[in-house]
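See below for the structure under consideration.
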Ligand SMILES: *[C@@H]1O[C@H](CO)[C@@H](O)[C@H](O)[C@H]1NC(C)=O
């Protein structure tokens, strides 16, 4: 076994079929859904035979057996969640104590996270090791572009990874920002287009405000982090300002797909690979859950609010009302909740941990009640299960809105009236086959691709290395200034010509007819 493996490796090496690249993957966010996505990238690249150095805030999350992934532990970053307080709690959000739509909050949090990452000793040690080189860097974009500095540290191409549907803030890095009349801001709670007149104004205002804020507040802080933690490790001949580097990525891998989002215009250097994090063969269900699901003659409703929202934050009264409503259903309910509840009805099963993909994959699963995180929505489409979304923060509002627009979901807001509202929408979906039909249709579109998203991920990363940064994919829009795109220079020229014309006409007019009026004036003056 070992021998044949060695032999294959030697053969592959000799024939040059597999080039093993050294890849630096940086995704230092201490959030479970981000970690699931970046773990997925690490695994695909390692399985393709590449050597991955992976800067991660949750190193224990990745279960990968094999020597191809070297983890750099920045779990100290978890402290920023403490700084943000216990703010990701249902209670704080219901009491409107935090606002995840607030840009200042988002930007400061992610900048702080970047600062903690680069000041981390493990990362500084990596930079100091002069024998270390990389063929390409894959960096997650999350409201800061300071990671682009790594391209100068290692003098190699950079690939952005965006975790959400493509939006103007990331597209401007590889092409140009989308037209605000067509697409709202990523933190907006609205998604539906076409926009009305007032909505278009709002969209434009949001855009201008974020742009201004980013350029005045974020850029300075990024420059500071770059100069302090990265520039000392850059060979002085290779020094490039951060403001050049941020626009010099070779590619952007996007966790999106047209079945999940909109058919928007995308540059050649944007590659949608949404759904790659779902493994081809789902893991078998644990025996207890398998039995519950197999025996559920009226179908299973799976209820999970994701990994950030904790059950202890639910008000007691709400827990009781939810139990009462779920108990009244004829379906079996699997509720991911961290605590066992007293007076639990017999059709409701509470599990503190749930293998979400395996549950959704079970043919008896008829409905998913979810917080509307992008991964959950992707999995709902992957496995073809309709959804009731209870958005709580960040992009969940737009995700759920999108799912509702696509016709396979209903939205419920998180209030003390949750149980009543939920009941109405759950009944709506269970009694009308159109939601299930729609999600199955989208699921077909989602799966009907020339290659799997995981294969595409590996292909494009290798393509960038093989073509030394894929300059052929760069959008020409990157080098055309704003005023030229809008022909503001032409407008200025027309204005100048028009003014000149007016001026000349007045001159000519006064030359022919002006004498008398001047005389009159003179008379008056005299
Ligand atoms: C931009 O990226 C390309 C490809 O990775 C690289 O060759 C080039 O040196 C970079 N430019 C700057 C100014 O860093």
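Across the range 287-447, C-alpha contacts under 8 Å between residues 6 or more apart give a mean separation that, scaled by the residue count, equals a relative contact order of 21 percent. Remark: spin-label model distance residue 330-residue 22 equals 6.4 nm, labels positioned 7 Å along the Cα→Cβ axis.
Relative contact order, whole percent, for the chain stands at 14, derived from Cα pairs under 8 Å and 6 or more residues apart. Between residue 497 and residue 483, full extension at 0.36 nm per residue minus the direct alpha carbon distance yields a gain of 3.2 nm.
Working note: Cα gyration tensor of the chain, eigenvalues times five, square-rooted, sorted largest first, giving semi-axes of 47, 35, 22 Å. Output the 0 to 90 degree angle, nearest 10, between the alpha-carbon long axis of helix 488-525 and the longest principal axis computed from the alpha carbons of the chain. Approximately 30 degrees, to the nearest 10.
Using the 10 angstrom Cβ neighbour count as an exposure proxy, how do 436, 265 rank, fewest first?
Listing 436, 265 from fewest to most nearby Cβ atoms yields 265, 436.
When each of 312, 449 is scored by the number of other beta-carbon atoms lying within 10 Å, the sequence from fewest to most is 312, 449. Semi-axis lengths, largest first, of the ellipsoid equivalent to the range 287-447 are 22, 18, 15 Å, with √(5λ) applied to each eigenvalue of the Cα gyration tensor. As a length-normalised measure over Cα pairs under 8 Å and 6 or more apart, the relative contact order of the range 119-200 settles at 19 percent.
Determine the gain in length on full extension of the stretch residue 287-residue 440; use 0.36 nm per residue of separation and subtract their C-alpha separation, reporting nm with one decimal.
52.4 nm
Can you bin the range 229-281 into rounded, prolate or oblate? Criterion: square roots of the alpha carbon gyration tensor eigenvalues sorted a ≥ b ≥ c, rounded for a/c under 1.5, prolate for a/b above b/c, oblate for the rest. Here the range 229-281 falls in the prolate category. On the basis of the beta-carbon distance and an R0 of 51 Å, residue 508 and residue 268 show a calculated FRET efficiency of 0.40. Helical content of the chain, expressed as a calculated mean residue ellipticity at 222 nm, amounts to -13500 deg cm²/dmol (DSSP H runs of 4 or more residues, -39,500 (n - 2.57) each, divided by residue number, nearest 500).
The angle separating the long axis of helix 32-47 from the principal Cα axis of greatest extent in the chain is about 80 degrees. Got a sec? Which residues in the range 388-420 would a label at residue 431 touch, if it sits 7 Å along Cα→Cβ and we count backbone N under 14 Å? Under cut-off, by backbone N: nothing. Once the Cα atoms are used to define both axes, helix 374-383 deviates from the longest principal axis of the chain by about 60 degrees.
Each of 141, 353 has some number of other Cβ atoms within 10 Å of its Cβ, and from fewest to most they run 353, 141.
No lab work stands behind these numbers, since they all come straight from the coordinates. Computed from a predicted structure; not experimentally measured. Because the Cβ atoms are built from the backbone with ideal geometry, glycine has one as well, and the counts that use them run over all protein chains shown.
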